[in-house]
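**Q** Handing you this structure, nothing more for now.
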Amino acid sequence: MTDAIEVPEEVKKFLQLLKLDLAGKPEYKRLPGFTYDTWIIPVYDVGTGEAVRIIKGHPVTAMHLYKIIRITNKEHNTVTVLTFRKDFEKVEPKIPTVIDVRRASEEAKKIVEKVRPMPKPKPAPKVNWAAIRGFAKYGLTSMPSWERAVETKRATALWSGLTVFKSKCEMVLKQLEAVEPIKEGLERKAVGKRILTDEDIRRLWEEFARILKEVGLEPERFRDRFEAFLDPFAPYEDNLFIITDEAKRIVAEELLRQERFRMVIPAKKFSWKYIGWGLGSIKLRLTDLELAVKDKNAITAYELLRKIYETTDTILGMLEQLPEIRQFKRITKL
């Protein structure tokens, strides 16, 4: 427990200044390349949840052993610190490739189907599958340029690209909203006509929790995901399909997490690291959207598009916290 660790006043003040939490016992010693003894302080990077050893000071030589990095403090602000080069990999922002997410999605599907076979959704006629397929292709082919914009920190290029992407997503969503049974659910929602009972919700939670428990995940960690996807204006059978599909996606995210990929934006405060994770989430859902189009699955396609739209909107909101983007919007009147 870090509460029991005796922390020197010098280290306390340093952590207070950077707004970082201690993750272990600090060490005081002479490191290679330094001309004086210095503190090595384990702290938490809030962005990744990983502990990283930061160094109070700067070497004169042997810089190949060290790395200046950016980590996220407990106020979700970025701070620049010195660490050991081998620690850098633990907090390095990583965005999964399309191959990574497809492999994780396929593996997650096999894992979940062993616990619970995927229920079949009702067929939805008159869906413009070509338009949805085109949108998924557009997003996946545009993704490399957005990822390069994150790597090179070109905020304006990323904001412009995602603004167009969000507009295209909205158009496809509106097409699906006119299709049964999605239209019926939206009409019930407009008048507040809930058809899902409390007993239905309890049963759905049990199914959702059972899937996650069987793969070694704690269901309560994901209750907010369950509640976000639950649709009280849709039938039990449709909801069962939606929450089973989301459980599969959670398993895929956890598989990617084991490879140090992150897919969830922990705060809406600007961070290139969080934006990269958001793009990873969009990429995973776009690859799942391709499968939904192949299966002509309107319910899954709609839920995926809805989440893609929300995540894109979140990333745009984060970028709009930057002065350069606010100025760009004023100049272009966008």
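Computed from the coordinates by the stated procedures, all read-outs in this text should not be read as laboratory data. For clarity, every value in this text was computed on a predicted model and none was experimentally measured. Positions of Cβ are backbone-derived with ideal geometry, glycine not excepted, and every protein chain shown enters the neighbour counts.
**Q** Quick one: of 193/294; 296/333; 94/269; 94/307, which pairs are farther than 29 Å apart, Cα to Cα?
**A** Values: 193/294 32 Å; 296/333 39 Å; 94/269 19 Å; 94/307 21 Å.
The pairs that break the limit, which is 29 Å between Cα atoms, are 193/294; 296/333.
**Q** Can you give me the distance in nm between label points at residue 294 and residue 333, each placed 7 Å from the Cα along the Cα-to-Cβ direction?
**A** 4.6
**Q** Rounded if a/c is under 1.5, else prolate if a/b is larger than b/c, else oblate: which is region 1-88, with a ≥ b ≥ c the root eigenvalues of its Cα gyration tensor? Please list the in-between numbers first.
**A** On the way: a/c = 1.85, a/b = 1.24, b/c = 1.49.
Because a/c hits 1.5 or more and a/b fails to exceed b/c, region 1-88 counts as oblate.
**Q** Any idea what the relative contact order of the chain is, in percent, if you count C-alpha pairs under 8 Å spaced at least 6 apart? Provide the component values of the computation, followed by the final result.
**A** Details: 443 pairs, mean separation 63.5, N = 334.
This gives 19 percent for the chain.
**Q** If a/c stays under 1.5 just call it rounded; otherwise compare a/b with b/c (prolate if a/b is bigger, oblate if not). Do that for region 214-271, with a ≥ b ≥ c from the square roots of the Cα gyration tensor eigenvalues.
**A** Details: a/c = 2.47, a/b = 1.48, b/c = 1.67.
Judged from the Cα gyration tensor, region 214-271 comes out oblate (a/c at least 1.5, b/c at or above a/b).
**Q** Given a Förster radius of 56 Å and the C-beta distance between residue 138 and residue 5 as r, what FRET efficiency does 1/(1 + (r/R0)^6) yield to the nearest 0.05?
**A** 0.60
**Q** Then there's this: Would you mind getting me the FRET efficiency between residue 190 and residue 23? Use the beta-carbon distance for r and R0 = 45 Å, nearest 0.05.
**A** On the way: r = 49 Å, r/R0 = 1.10.
The value I calculate is 0.35.
**Q** How much length is gained on full extension from residue 177 to residue 76, taking 0.36 nm per residue of separation minus their Cα-Cα distance? Please list the in-between numbers first.
**A** Numbers: separation 101, 0.36 × 101 = 36.36 nm, distance 3.63 nm.
That works out to 32.7 nm of additional length.
**Q** Using the beta-carbon distance between residue 207 and residue 310 and R0 = 22 Å, what value does 1/(1 + (r/R0)^6) give for FRET efficiency, to the nearest 0.05? Intermediate results must be reported in sequence, preceding the final value.
**A** Values: r = 24 Å, r/R0 = 1.09.
Between residue 207 and residue 310 the formula returns 0.35.
**Q** Could you tell me which of rounded, prolate or oblate describes region 235-333, using a ≥ b ≥ c as the square roots of the eigenvalues of the alpha-carbon gyration tensor, with rounded for a/c under 1.5 and, failing that, prolate when a/b is larger than b/c and oblate otherwise? Present the calculation step by step, with values, prior to reporting the outcome.
**A** Numbers: a/c = 2.67, a/b = 1.70, b/c = 1.58.
Prolate, because a/c is 1.5 or more and a/b exceeds b/c.
**Q** Under 16 Å Cα-Cα from residue 126, which aspartates and glutamates qualify once same-chain neighbours fewer than 8 residues away are excluded?
**A** Cross-link targets: 177, 180, 184, 295.
**Q** Continuing with this model, one more query. Where in region 220-243 does the amide nitrogen come within less than 14 Å of the point 7 Å from the Cα of residue 199, taken along Cα to Cβ?
**A** Zone members listed by number: 236.
**Q** Please work out which option in (1) 22.2; (2) 23.0; (3) 21.0 gives Kirkwood radius over Cα pairs in Å calculated from these coordinates, and answer with its label.
**A** (1)
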